[in-house]
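K.L.:
Got a structure for you, questions after.
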Amino acid sequence: MNVSVVGAATTKFGELWGVSPRTLAHEAVEGALADADIAKSNVQALFVANMLAGPLGGQQHLGPFFAEELGLPVPAMTIEGACASGGLAVHAAVNSIRSGQYDTVVVLGVEKMTDHKPEDVATALMGAGSNEERLAGATFPGLYAILARAHMEKFGTTFEELATVAVKNHFHASLNTNAQFHNTLTVEDVMKSSKIADPLTLLECSPISDGASAVVLTKNHKGIRIIASEVATDTIGLAQRESLLEFEATKEAARRAYQKAGVTSKEIDVAEVHDCFTIAEILAMEDLGFFPKGKAAAVIVRGETTLGKTKKLVVNPSGGLKGCGHPVGATGVKQIVEIVQQLRGTAGKRQVAKARIGLAHNVGGSGATAVVHILKNI
Amino acid sequence: MIGIVSYGSYIPRYRIKLSDIAAAWKKIPEEVVESLGIAEKSVPGIDEDAVTIAIEAARNAFESSALNPESIEALFVGSESHPYAVNPTSTIVGELLGIGNNYLAADLEFACKAGTAGIQAIAGLIEAKHIHYGLAIGADTAQSKPHDALEYTSAAAGVAYILGSNYLIANLLAYTSYSSDTPDFWRRDGIRYPSHAGRFTGEPAYFAHVMGASQLLMKKAKIHPSDVAYCVFHMPNGKFPREVAKRLGFTKEQLAPSLTVSAIGNPYSASSMLGLAAVLDIAKPGEKIFMVSYGSGAGSDAFLWEVTEEIVNMQRLKGKGKSLVQNQIQEKTYVDYVQYLKQTHKL
Amino acid sequence: MISPVKIWRNQKKIASLVGKTGKIVAFTLIRVPPADFSNQAPYPVVVIELTDGKRITAQLVDWDESNLKMGQKVQTIIRKIFETGDGVIPYGIKAKPL
């Protein structure tokens with residue numbers, strides 16, 4: 001059974017004060033259905049990706065909540081995997097079609113984070129870490145700062161190299177009308193921004209955002225096909241990992257995805273990877289097999305993954321989590337939307353020339369969950 | 001015979017100079033330091049309290065001994081700053097020390113003599129052969145109101161004594177206690193900082209009770225100051241213990257090794273217990289130690305200790321290491337007045 | 001507030017981790033803390049490898065700049081995790097430089 005993405009849409013990401021989760025869901029889902037030219041009555045299931053509606057908003061049970069709101073009286077459920085919720089929901093949706101249970105389903109990733117104080121959001125996000133990390137007073141910037149420090153000590157990765165990731169992704173975001181940020185940055189801007197958790201600064205951290213994205217998946221269709229959908233897990237806390245220099249979950253999910261898809265990392269033309277912090281993109285480049293361990297930072301600095309500067313793999317043309325924004329539950333779905341637009345050739349100013357095979361990489365927590373999707377324009 | 005099996009102390013590493021406190025309130029620093037006889041005092045970390053300090057002191061006591069924590073059958077923690085008004089410090093400490101469940105736990109409160117009252121109570125239990133080993137701890141993160149006189153002296157520390165009837169490093173030859181209703185220093189429930197009655201805390205309070213208990217002990221044990229090698233008194237400041245030692249007939253040399261107050265201030269329930277620990281670090285077999293605590297409200301517990309041959313092994317074990325009181329005094333990091341206010345939860 | 005029952009259940013874990021020595025294998029300095037830790041920042045969070053090979057994540061206390069390095073020797077101690085107003089006090093494992 002083949003699964004294709006026939007509809008894809010995203011709202012703008014950002015501080016959307018006046019916009020409610022319901023409104024975001026309408027915009028994303030109705031946009032995706034219109035893009036697919038499919039009527040609501042043909043949708044057979046709804047998968048919702050979200051992490052924080054419960055802890056911050058007091059509302060869970062989002063399956064029936066959005067099914068009702070959207071006028072989709074179908075089997076509906078919420079999938080949660082911290083920041084990998086979106087990718088996991090797509091994975092669940094893909095499996096539901098491959099199993100023959102459903103023919104056409106909608107995946108909605110939605111998150112509303114700006115209603116709450118940053119300290120409360122930071123605390124809620126630590127639900128994705130281990131209890132030991134919470135009791136140590138760690139934050140997500142802190143956990144990724146630990147990974148950055150380890151990478152710097154082992155491979156000599158520099159502050160400037162880390163900062164370049166943010167510069168690249170802001171440049172890409174400046175070409176994306178739906179991105180949260182449209183300002184471009186210099187390495188100096190990034191390094192001089194306020195320190196959050198040494199060595200990471202404010203501009204190296206993805207923002208707190210609102211937004212929603214949706215895709216419509218159906219069986220046996222031409223167009224953009226999902227040729228791999230793989231998930232891997234690792235320990236929830238960093239202290240229990242085998243290594244602090246890589247995400248084994250990313251490596252494992254990628255390995256299986258390349259194998260099932262019958263492609264190698266060299267054949268990927270465009271990738272949306274999980275750059276929740278600058279170091280995360282460097283780790284992703286290495287763990288997804290695009291560049292050797294310890295070497296990705298220099299490649300990024302040379303512009304070899306930047307739109308317009310390279311004839312090879314472009315990474316995070318949407319602006320990534322850093323530039324486009326990171327409404328947690330929506331990100332994994334937005335990544336699929338971006339890859340679909342790239343493979344269709346409708347990405348406008350962000351278009352990667354002749355993109356035929358794309359990869360989306362979505363991570364939960366500090367690497368406890370990794371989801372890798374590979375898509376191909378059939 | 002009952003006495004001390006092992007002991008351990010803990011002083012939080014932070015210090016504030018009294019001259020810095022004085023400067024904050026525009027007092028003349030030299031005058032303050034001179035009148036109190038104290039240069040600096042210990043300050044607890046923002047995450048330290050009587051529980052965490054008691055645990056550190058007790059762990060040090062166990063480290064200098066082969067005793068299994070599960071041998072402890074009574075654990076009394078004396079403090080003027082128990083973290084809860086209702087909920088025992090002693091069971092939290094007992095649990096985290098791995099003492100098990102077969103023990104009597106009690107929290108004691110009596111200003112600065114809560115810890116020594118515990119020693120006497122446990123001594124009784126051991127003498128009655130009701131228990132074999134007991135743990136008496138005095139631990140405090142003493143609170144004082146900013147700009148009040150007590151701000152210059154209220155400090156933090158903890159000392160733990162494992163008491164038993166075997167393998168003693170010091171025998172408890174005799175003990176007495178002298179008590180009366182003397183309201184020199186108090187804190188009402190629900191009120192944040194203690195109050196004191198000014199000069200009333202001197203003659204009718206500290207001196208009357210320390211002298212009273214000392215005279216009772218000298219009579220009971222039939223000894224004179226010249227019979228002992230060292231004396232230890234509760235140290236609310238640098239002046240009172242020197243004055244009371246003089247009045248009782250002790251010499252400066254007998255008192256000097258115990259005077260931890262000049263370097264770390266007054267850690268309330270741990271004060272005289274810390275003075276005793278400093279003396280035990282250097283005492284020789286056969287030497288006697290005369291020790292009297294004082295708690296406002298008021299009372300004094302007096303003890304006559306005699307150091308045994310076992311002390312030689314203990315001192316060899318401790319060597320010149322971190323468990324020696326003088327080394328703990330020297331392990332320090334200075335904080336300024338603002339940081340002091342943060343760490344003592346006033347800001 | 002952390003549930004008193006959870007605190008009670010975790011005590012055995014805490015008691016078995018105190019007094020252990022280890023070294024820092026990763027570290028950061030948290031400058032923007034979560035709500036419960038607001039009065040403690042800035043503070044280091046470190047990953048420690050204990051001498052028995054086990055790794056834990058903990059806050060580093062009684063530190064100065066010179067302690068924030070790979071390989072710094074540390075010991076585990078018990079401290080208050082954070083203030084809880086009128087709730088049960090959570091005590092837990094932190095580390096201090098040796």
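Here, each number is a calculation from the coordinates, and none is a lab measurement. No experiment lies behind these values; they were computed from the predicted model shown. So basically every Cβ, Gly included, is an ideal-geometry build from the backbone, and we count neighbours across all protein chains shown.
K.L.:
Ratio of alpha-carbon Rg to the 2.2 N^0.38 Å globular estimate for the protein assembly as shown, to two decimals, please. Don't skip to the end; give the middle numbers.
P.N.:
Values: Rg = 33.0 Å, N = 823, 2.2 N^0.38 = 28.2 Å.
It is 1.17.
K.L.:
Modelling each spin label as a point 7 Å along the Cα-to-Cβ direction, I'd like the B:R247/A:S41 distance in nm, to one decimal.
P.N.:
Result for the modelled spin labels: 10.2 nm.
K.L.:
Sticking with the crude label model, points 7 Å out along Cα→Cβ, report the distance from C:K6 to C:V88 in nm, one decimal please.
P.N.:
Label-label distance for C:K6 and C:V88, simple model: 1.1 nm.
K.L.:
Here's something else I'd like to know. Give, rounded to the nearest 20 debye, the magnitude of the charge dipole that chain B has about its Cα centre when Lys and Arg contribute +1 at Cβ and Asp and Glu contribute -1 at Cβ. Could the numbers behind the result be given before it?
P.N.:
Working: 31 positive and 35 negative charges, 136 e Å.
Using Cβ point charges on Lys, Arg, Asp and Glu, chain B gives about 660 debye.
K.L.:
Now for a different question. Subtract the Cα-Cα distance of B:H147 and B:N166 from 0.36 nm times their separation in residues, and report this length gain in nm to one decimal. Let's see the in-between values first.
P.N.:
Values: separation 19, 0.36 × 19 = 6.84 nm, distance 4.82 nm.
Residue separation times 0.36 nm, minus the Cα-Cα distance, leaves 2.0 nm.
K.L.:
Connecting C-alpha atoms closer than 10 Å in a GNM of chain A, tell me which of A:V29, A:V299, A:V167 has the biggest fluctuation.
P.N.:
Its mean-square fluctuation being the largest, the pick is A:V299.
K.L.:
Between A:D120 and B:I223, how high is the FRET efficiency from 1/(1 + (r/R0)^6) when r is the Cβ-Cβ distance and R₀ = 45 Å? Nearest 0.05.
P.N.:
On the way: r = 65 Å, r/R0 = 1.45.
After rounding, the FRET efficiency stands at 0.10.
K.L.:
Compute the Cα gyration tensor for segment A:1-146, then decide on rounded, prolate or oblate, letting a ≥ b ≥ c be the square roots of its eigenvalues: rounded whenever a/c is under 1.5, prolate when a/b is larger than b/c in the other cases, and oblate in all that remain.
P.N.:
Details: a/c = 2.29, a/b = 1.68, b/c = 1.37.
Judged from the Cα gyration tensor, segment A:1-146 comes out prolate (a/c at least 1.5, a/b above b/c).
K.L.:
Among A:L147, A:S130, A:T114, whose Cα sits farthest toward the positive end of the charge dipole of segment A:60-155 (+1 at Cβ of Lys/Arg, -1 at Cβ of Asp/Glu, about the Cα centre)?
P.N.:
It is A:L147.
K.L.:
Whole-Å semi-axes of segment B:171-309's equivalent ellipsoid, largest first, each the root of 5 times a Cα gyration tensor eigenvalue?
P.N.:
Values: eigenvalues 132, 52, 34 Å².
Sorted largest first and rounded, they come to 26, 16, 13 Å.
K.L.:
When the helices in chain A are scored as -39500 (n - 2.57) per DSSP H run of 4 or longer and the sum is shared across all residues, what 222 nm value do you end up with, to the nearest 500 deg cm²/dmol?
P.N.:
Values: 14 runs with 146 residues, N = 378.
-11500 deg cm²/dmol, from helical runs alone.
K.L.:
With unit charges on the beta carbon (Lys/Arg positive, Asp/Glu negative), name the residue among B:V335, A:A53, B:T91 whose Cα is farthest towards the positive pole of the charge dipole of the protein assembly as shown.
P.N.:
A:A53
K.L.:
From the backbone phi of segment B:114-120, what are the Karplus-calculated ³J(HN,Hα) couplings (6.51 cos²θ - 1.76 cosθ + 1.60, θ = phi - 60°) in whole Hz, Gly and Pro given as x?
P.N.:
Each residue of segment B:114-120 in turn: 4, x, 6, 4, x, 4, 5 Hz.
K.L.:
Karplus couplings for segment A:324-339 from phi (6.51 cos²θ - 1.76 cosθ + 1.60, θ = phi - 60°), rounded to Hz, Gly and Pro as x?
P.N.:
7, x, 9, x, 2, x, 7, 3, x, 6, 4, 4, 5, 4, 4, 5
K.L.:
Calculate for chain B the 222 nm mean residue ellipticity that helices alone would give, adding -39,500 (n - 2.57) per DSSP H run of length 4 or more and normalising by residue count, nearest 500 deg cm²/dmol.
P.N.:
-9500 deg cm²/dmol
K.L.:
A:N2 to A:K266: FRET efficiency via 1/(1 + (r/R0)^6), r the Cβ-Cβ distance, R0 25 Å, to the nearest 0.05?
P.N.:
Values: r = 24 Å, r/R0 = 0.95.
So the FRET efficiency works out to roughly 0.55.
K.L.:
Right, another one. With r as the distance between the Cβ atoms of A:N131 and B:V312 and R0 = 51 Å, compute the FRET efficiency 1/(1 + (r/R0)^6) and round to 0.05.
P.N.:
Numbers: r = 47 Å, r/R0 = 0.92.
That pair, B:V312 with A:N131, gives E of 0.60.
K.L.:
If you don't mind, another one. Can you compute the label reach from B:F200? Point 7 Å from Cα along the Cβ direction, backbone N cut-off under 16 Å, restricted to segment B:98-114.
P.N.:
Of the residues in segment B:98-114, none has backbone N under 16 Å from the label point off B:F200.
K.L.:
Taking a cut-off of 17 Å between Cα atoms, list the lysines near B:K27, but don't count ones fewer than 8 places away on the same chain.
P.N.:
Hits, sequence-local ones excluded: B:K17, B:K145.
K.L.:
For segment B:196-279, which trypsin sites (Lys or Arg not before Pro) pass both filters: DSSP loop (anything but H, G, I, E, B) and at most 14 other C-beta atoms within 10 Å?
P.N.:
Details: sites: B:R199, B:K219, B:K220, B:K222, B:K239, B:R242, B:K246, B:R247, B:K252; in loops: B:K222.
Passing sites in segment B:196-279 are B:K222.
K.L.:
Could you run the Debye sum over the Cα atoms of chain B, one equal point scatterer each and no solvent, and tell me log10 of I(q)/I(0) at q = 0.06 Å⁻¹, two decimals?
P.N.:
Here the Debye-derived log intensity ratios amount to -0.18.
K.L.:
In addition: Do any of B:K318/C:K73; A:K322/C:K80; A:K295/C:K94; A:K112/A:K266; A:K117/A:K195 go past 25 Å between their Cα atoms, and which?
P.N.:
Numbers: B:K318/C:K73 21 Å; A:K322/C:K80 35 Å; A:K295/C:K94 35 Å; A:K112/A:K266 37 Å; A:K117/A:K195 19 Å.
With Cα atoms farther than 25 Å apart: A:K322/C:K80; A:K295/C:K94; A:K112/A:K266.
K.L.:
For segment A:202-353, what is the charge dipole size about the Cα centre, in debye to the nearest 20, if Lys and Arg each add +1 at the Cβ and Asp and Glu each add -1 at the Cβ?
P.N.:
Values: 20 positive and 17 negative charges, 152 e Å.
So the magnitude is around 740 debye.
K.L.:
Next up: What nm distance separates the two modelled labels at A:Q60 and A:N95, each placed 7 Å from Cα along Cα→Cβ?
P.N.:
2.0
K.L.:
Going Cα to Cα from B:K332, which aspartates and glutamates come in below 14 Å? Please leave out same-chain ones fewer than 8 positions away.
P.N.:
B:E40, C:D62, C:D64
K.L.:
Given 37 °C and 0.692 mPa s, how large is the Stokes-Einstein diffusion coefficient of segment C:4-97 in µm²/s, with Rh as the Kirkwood radius over Cα pairs?
P.N.:
After rounding, the answer is 237 µm²/s.
K.L.:
With chain B treated as a Gaussian network of Cα nodes joined by springs under 10 Å, which of B:Y103, B:Y133, B:Y206 yields the largest mean-square fluctuation?
P.N.:
Highest fluctuation of the listed residues: B:Y103.
K.L.:
Let me ask something additional. Between A:Y258, A:Y144, A:Y102, find the one with the highest GNM mean-square fluctuation for chain A; connect C-alpha pairs within less than 10 Å.
P.N.:
A:Y102
K.L.:
Enumerate the amide H contacts of A:R356 below 5 Å, restricted to partners 5 or more residues apart or on another chain; note that Pro and chain-start residues carry no placed amide H.
P.N.:
Correct list: A:D269.
K.L.:
Hey, another quick one. Listing A:S85, A:S229 from the residue with the fewest other Cβ atoms within 10 Å to the one with the most, what is the order?
P.N.:
Numbers: A:S85 31, A:S229 26.
By the 10 Å Cβ count, ascending, the order reads A:S229, A:S85.
K.L.:
Continuing with the same structure: Using the Karplus equation 6.51 cos²θ - 1.76 cosθ + 1.60 (θ = phi - 60°), what ³J(HN,Hα) coupling, rounded to whole Hz, does each residue of segment B:164-181 give in order, writing x for Gly and Pro?
P.N.:
Once θ is set to phi - 60°, the couplings for segment B:164-181 become x, 10, 10, 6, 7, 8, 8, 8, 9, 6, 7, 8, 9, 8, 10, 10, 7, 8 Hz.
K.L.:
Dimensions of segment B:241-283 along principal axes (Cα, Å, largest first)?
P.N.:
25, 22, 16
K.L.:
Taking amide H positions as placed in the peptide plane 1.01 Å from N, state which residues far from B:A74 in sequence (5 or more) or on other chains have amide H under 5 Å from it.
P.N.:
Distant-sequence amide H within range of B:A74: B:L104, B:L135.
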